[in-house]
Amino acid sequence: QAHLGGEAPYDVELRLRNREGAYRWFRARGSVEHDAAGRAATLSGSIQDITAQKTAEAARVEAEQRLERAIRGSSDGFFEHMLTEGRSWYSPRVSEMLAYAPDVPLPQALRELTLPPERSRTEDAEPPVPELDAPHDVVYPLPTRQGELRWFRARGLYERDAAGTQTRLS
């Protein structure tokens, strides 16, 4: 009705039952042409079977929800460093362990929270370019928001692009 009134494009997703009785998802798109009196006269368009895309989308959403539940339910803190982009992501548990409010951003690298002597010791313990397939496994002290020193172990794997450049640590 909104399309017939000129308010919106005609683009709908709907479930239809086929001849065998199975339901499938379809996307119908089109446009209406009006006659000289302004009445809808012709509707033309296309219809596509989008069952595979809808099924894949539902599976993706379910996988994302499962991962989110696993992250929330874990006592571990998770991280992902996008090295070539210069940004990081931390699960909410990392903020909790460091006594930061959820809305307080953490630095790109948590070692930035350490005091300079500890920071240089931590940086010295990490090879600048780890061997191919070598895991990242470093133990270092980090101060909480209140200044209490706690020891953390960060373990992860590097991902590399086709040229061998480190692109991600998680």
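Miscellaneous remarks
- Pairs with Cβ under 8 Å, 6+ apart, first in region 43-59 and within 21 Å of Q1 (Cα to Cα), second among the acidic types (D, E): L43/E33; S44/E33
- Taken residue by residue, region 80-97 has no member that is more than 22 Å from L169 (Cβ to Cβ), assigned to a loop (DSSP other than H, G, I, E, B) and either of a type in the set (G, A, S) or under 23 Å from the mean Cα position of the chain (by Cα) (or both).
- Residue within region 69-87 that is of a type outside the set (D, E, K, R) and open to solvent by 100 Å² or more (accessible area, probe 1.4 Å) present: no
- Looking across A36, A22, one residue alone is without any contact (Cβ under 8 Å) to a residue 24 or more places away in the chain and more than 16 Å from K54 (Cβ to Cβ). It is A36.
- Exactly one residue out of E33, E80 is of a type outside the set (S, T, N, Q) and modelled with pLDDT under 90, and it is E33.
- The residues of region 141-170 that are of a type in the set (S, T, Y) and either out of contact with any Asp or Glu (no Cβ under 7 Å at 6 or more places or on another chain) or open to solvent by 90 Å² or more (accessible area, probe 1.4 Å) (or both), listed by number, are T144, Y158, T165.
The values are calculated or read from the model by the stated rules, or taken from the named source; none is laboratory data. Keep in mind that what you see is a predicted model, and the values were worked out from it rather than measured. All Cβ positions, even for glycine, are placed from backbone atoms using ideal geometry, and neighbour counts span all protein chains on display. Side chains included, ligands, DNA and RNA excluded: accessible areas come from the protein's heavy atoms. Shrake-Rupley method; radii C 1.70, N 1.55, O 1.52, S 1.80 Å.
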